[in-house]
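Q: Sharing a structure, written as structure tokens. Questions coming.
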Amino acid sequence: MINAPVRSKIIEAKQKGQRAHWVLLDPDDFTIEQAAATARSSEENGVSALLVGGSLLHTNHTDEFVKHLREAVDIPVILFPGDSTQLSKHASALLYLSLISGRNPVNLIGEHVKAAPIIRQYGLEPIATGYMLVESGAVTSVEFMSDTRPLPRGKPGIAAAHALAAQYLGMHMIYLEAGSGATLTVPPEMIKAVRSCVDIPIIVGGGIRDKAAALEKLDAGADIIVTGNLLQSSGGLEVMKEIAQCVRGYS
């Protein structure tokens, strides 16, 4: 049986009604030193975990990147891999993402088969996650790279059915993703529809750039909020702090 300390803590937090804010760090967008400083600031302000990954990495320092983050903070550093090459033995865990909103077999199971022996060799904790792209008003990197269409944002019932299927298949979490740099965020009506059908944790990311957007997702039923691109904008670090503090104090 796989030891699952990170997943157990996520589930325990959900059972207690605690919400979380995770920060996504793309190795292409930060030097190792910048990432470590951002990670420390994130932890100090109440961020619960760090995600590491991207749709297409142009750098080859993922392993070193993750290693330095683990040394910089005590919170989990979780892989958010775009494919089977984005692995590191230094991570706390990884989101074992199956792109259930699409019908491309490579992203449903193909990359997972490639990664599985390495995950076992590294002793990584895989957290099976139903990954669902949502129409966001722009063609995002993940949409283009995965060669899949996102779920229509005006059809919450379709999203709910996909999420329920993921739970029935034994997945541990649902990730509703508008995509990096999204123009529109995941609609609250869709989050509510998914929440009404599943009792596993729901992660929501993509286009969340302020406290109001984060609160909207929490009120709709999200358990975990993910932010990423805002850190690269002017004043982004301060906004990240506001969101983290808002999520930490949510009740």
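Q: Please find, among Leu56, Leu25, Leu79, Leu51, the residue that is over 22 Å from Pro201 (Cβ atoms) and in contact (Cβ under 8 Å) with a residue 40 or more places away in the chain.
A: Leu56
Q: Additional query: Can you name every residue in the range 127-146 that is on the phi < 0 side of the Ramachandran plot and either over 18 Å from the mean Cα position of the chain (by Cα) or open to solvent by 30 Å² or more (accessible area, probe 1.4 Å) (or both)? Spell out the reasoning first.
A: As a first pass, look at the range 127-146 and keep what is on the phi < 0 side of the Ramachandran plot: 127-136, 138-146.
Result: Glu135, Ala138, Val139, Ser141, Glu143, Phe144, Met145.
Q: Can you tell me which condition Lys217 does not meet? The list is (1) in contact with a Pro (Cβ under 8 Å, 6 or more places away or on another chain); (2) farther than 30 Å from Val106 by Cβ, and all the others hold.
A: Of everything listed in (1) in contact with a Pro (Cβ under 8 Å, 6 or more places away or on another chain); (2) farther than 30 Å from Val106 by Cβ, Lys217 misses just condition (2).
Q: Next question, about the same structure. Please verify whether Gly181 is within 19 Å of the chain's Cα centre (by Cα) and open to solvent by 10 Å² or more (accessible area, probe 1.4 Å), treating the condition exactly as stated.
A: It is true that Gly181 is within 19 Å of the chain's Cα centre (by Cα) and open to solvent by 10 Å² or more (accessible area, probe 1.4 Å).
Residue by residue, here is whether (1) surrounded by fewer than 22 Cβ atoms within 10 Å (Cβ to Cβ); (2) on the phi < 0 side of the Ramachandran plot; (3) out of contact with any strand residue (DSSP E or B) (no Cβ under 9 Å at 6 or more places or on another chain) holds:
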{"residue": "Asp210", "(1), (2), (3)": "yes, yes, yes"}
{"residue": "Glu216", "(1), (2), (3)": "yes, yes, yes"}
{"residue": "Ala220", "(1), (2), (3)": "yes, yes, no"}
{"residue": "Ile224", "(1), (2), (3)": "no, yes, no"}
{"residue": "Leu230", "(1), (2), (3)": "yes, yes, yes"}
{"residue": "Gly235", "(1), (2), (3)": "yes, no, yes"}
{"residue": "Glu238", "(1), (2), (3)": "yes, yes, yes"}
{"residue": "Glu242", "(1), (2), (3)": "yes, yes, yes"}
{"residue": "Arg248", "(1), (2), (3)": "yes, yes, no"}
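Q: Determine which member of the set Asp63, Asp74 is assigned to a loop (DSSP other than H, G, I, E, B), among the acidic types (Asp, Glu), farther than 28 Å from Val194 by Cα and open to solvent by 10 Å² or more (accessible area, probe 1.4 Å).
A: Asp74
Q: From the list Ser55, Ser92, Ser42, Ser48, which residue is out of contact with any helix residue (DSSP H, G or I) (no Cβ under 6 Å at 6 or more places or on another chain) and open to solvent by 20 Å² or more (accessible area, probe 1.4 Å)?
A: One residue alone meets the criteria, Ser48.
The values are calculated or read from the model by the stated rules, or taken from the named source; none is laboratory data. Quick caveat, the model's predicted, so the values are computed rather than measured. We place every Cβ from the backbone using ideal geometry, glycine too, and count neighbours over all the protein chains shown. The protein model used for the area step is the full one, side chains on, heavy atoms only, and it has no ligands, DNA or RNA in it. Shrake-Rupley method; radii C 1.70, N 1.55, O 1.52, S 1.80 Å.
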